[in-house]
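Data first, discussion second: the structure below is written as structure tokens.
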């Protein structure tokens, strides 16, 4: 799927010769920026053992600020589009540097920044289109290839490929602004979304993460909930 998307983006029309903004299979792309909050372990976290102290505890729900830049490319196929996303957690941290192995304590820091970006390519299906709901809302399903930092002890690279599914609902609270009002065309496309995410490639029970750090007694929760604002940057490139 990743190869298909990259090829599709490379072949995307630079100037649409057709009235509908499509050239061949692909239509005019758009760009959005999505400041968001991602909640992990939203439905309960796994039990882990601290290998230094022997303490067993359940991981609490956690929330991270997530900044997302999205390029969406509609296609001529009904209800189908392609997506490319770059995701960044600017304030995420961890107790050791995953590349050097040095702990935050040995570096004289309270924590080590864990803000490496993620890249996702997706095939997106519109389950309910905006036009069906008068422009006020939409519901979609994303089938996603994610490329991000390794999470399991047997991952053989610092970045690995994972698969995830995303079910998203987006509301457009300003969709009813009248024509002619300053900024109306922009504001009508500002959205608020909530997304249920299922991610593979996370630690399983028995995995030791950060050697000598913690042992997972249960599988890591694959579920997270993400919510944020959709800000259109380039509705029609």
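Throughout, read-outs are computed from the coordinates displayed, never taken from laboratory work. Quantities reported herein were computed from a predicted structural model and do not represent experimental measurements. With ideal geometry, Cβ positions are generated from the backbone for all residues, glycine too; neighbour counts draw on all protein chains shown.
The modelled label-to-label distance for the pair residue 56/residue 80, using points 7 Å beyond Cα in the direction of Cβ, is 4.9 nm.
Computed from label points 7 Å out along Cα-Cβ, the spacing between residue 185 and residue 154 is 5.5 nm.
Distance between the modelled labels on residue 177 and residue 231, one decimal in nanometres: 1.4 nm (7 Å Cα→Cβ projection). Gain on full extension, evaluated as 0.36 nm per residue between residue 65 and residue 217 minus their Cα-Cα distance, stands at 52.0 nm.
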